[in-house]
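Trainee: Sending over a structure as structure tokens; questions will come in a sec.
The values are calculated or read from the model by the stated rules, or taken from the named source; none is laboratory data. Since the structure is predicted, the reported quantities are computational estimates derived from the model, not experimental observations. Note that we place each Cβ from the backbone using ideal geometry, even for glycine, and neighbour counts take in every protein chain shown. All accessible areas refer to the heavy atoms of the entire protein, side chains included, with ligands and DNA or RNA removed. Shrake-Rupley method; radii C 1.70, N 1.55, O 1.52, S 1.80 Å.
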Amino acid sequence: RKVNGSYSTYKSWRYEASNVTNLAKGLRVAVPSGTYYRVRGYHAASNGGLKESTTTLTQGIKVK
């Protein structure tokens with residue numbers, strides 16, 4: 001969430017699975033109104049010695 005012009009971590013989660021081809025998770029988060037929020041994700045997969053990873057970041061939206 002955005003506080004004094006800078007984003008900081010409001011909440012964090014970790015989801016992990018082994019030997020799967022797909023992993024999905026939905027969640028709902030109650031947040032105070034009147035503040036900007038964005039979502040950052042880190043995604044990684046490995047197969048044997050090969051590893052691939054990326055990050056994602058949404059634009060900030062103001063919660064009314």
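Trainee: Out of every Cα pair in the chain, what percent are spaced more than 13 Å from each other?
Mentor: Cα-Cα pairs in the chain separated by more than 13 Å: 73 percent.
Trainee: Give me the one-decimal nm value for the distance between modelled label points at A24 and K2, 7 Å along each residue's Cα-to-Cβ direction.
Mentor: 3.1 nm
Trainee: For the chain, give the percent of accessible area contributed by carbon and sulfur heavy atoms, probe 1.4 Å, rounded to a whole number. Write out the running numbers ahead of the final one.
Mentor: Numbers: 2790 of 6110 Å².
Of the solvent-accessible surface of the chain, carbon and sulfur hold 46 percent.
Trainee: Here's a follow-up. If r is the Cβ-Cβ distance from R38 to Y15 and R0 is 22 Å, what FRET efficiency results, to the nearest 0.05? Please list the in-between numbers first.
Mentor: Working: r = 19 Å, r/R0 = 0.86.
The computed FRET efficiency comes out at 0.70.
Trainee: I've got another one for you. Determine the dipole magnitude for the chain: charges of +1 sit on the beta-carbon of Lys and Arg, -1 on that of Asp and Glu, nothing else is charged, the reference point is the Cα centre, and the result goes in debye to the nearest 20.
Mentor: 400 debye
Trainee: Averaged per residue, what accessible area in Å² does the chain show with a 1.4 Å probe, protein chains only? Walk me through the intermediate numbers first.
Mentor: Details: 6110 Å² over 64 residues.
On a per-residue basis, the chain sits at 95 Å².
Trainee: Let me ask another. Convert each backbone phi in the stretch 56-64 into a coupling constant with the Karplus relation 6.51 cos²θ - 1.76 cosθ + 1.60 (shift: θ = phi - 60°), then list the ³J(HN,Hα) values in order as whole Hz, x for Gly and Pro.
Mentor: Calculated HN-Hα couplings, in order: 10, 8, 7, 6, x, 10, 8, 8, 8 Hz.
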